[in-house]
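Q: The structure follows.
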């Protein structure tokens with residue numbers, strides 16, 4: 001598991017985004033878009049790439065990449081763009 005923090009201007013608003021996948025190109029791109037989304041929204045956020053198969057399976061992910069925001073699954077089995085991630089973050093705030 002790789003954890004990274006993205007800091008922005010909206011202090012006190014914290015979001016945890018988890019991107020599940022073994023490290024393939026689509027999973028890596030999805031994690032990149034997650035970083036870009038939180039930067040553009042100016043949020044304090046933790047972006048976690050979950051690459052270990054046992055961790056992926058524990059969370060019930062059958063297809064990757066998968067995106068969880070604050071523990072809720074938003075996508076599974078397809079790469080999503082940053083605008084979609086931004087929309088999901090906004091909907092959960």
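Q: Quick one: how many residues across region 71-88 are touching a helix residue (DSSP H, G or I) at 6+ places or on another chain (Cβ under 9 Å) and assigned to a loop (DSSP other than H, G, I, E, B)?
A: Number of matching residues: 4.
Q: Next question, about the same structure. What pairs come up if the first residue lies in region 53-74 and is on the phi > 0 side of the Ramachandran plot, the second is outside any loop (DSSP other than H, G, I, E, B), and their beta carbons are under 6 Å apart, counting only those six or more places apart or on different chains?
A: The qualifying pairs are 70/16.
Q: Still on this structure: Would you mind stating whether residue 39 is touching a strand residue (DSSP E or B) at 6+ places or on another chain (Cβ under 7 Å), outside any strand (DSSP E or B) and either surrounded by fewer than 12 Cβ atoms within 10 Å (Cβ to Cβ) or modelled with pLDDT under 95 (or both)?
A: Spelling it out, residue 39 is indeed touching a strand residue (DSSP E or B) at 6+ places or on another chain (Cβ under 7 Å), outside any strand (DSSP E or B) and either surrounded by fewer than 12 Cβ atoms within 10 Å (Cβ to Cβ) or modelled with pLDDT under 95 (or both).
Q: Within region 56-92, count every residue that is over 21 Å from residue 25 (Cβ atoms) and either crowded, with 18+ Cβ neighbours inside 10 Å or in contact with a strand residue (DSSP E or B) (Cβ under 7 Å, 6 or more places away or on another chain) (or both).
A: Count: 8.
Q: Report, by residue number, each residue of region 42-66 that is assigned to a helix (DSSP H, G or I) and over 14 Å from the mean Cα position of the chain (by Cα).
A: Listed by number, the residues that qualify are 53, 54, 55, 57, 58.
The values are calculated or read from the model by the stated rules, or taken from the named source; none is laboratory data. Just so we're clear, the structure is a prediction, and the values are computed from it rather than from any experiment. Note that each Cβ is placed from the backbone with ideal geometry, even for glycine, and that neighbours are counted across all protein chains shown.
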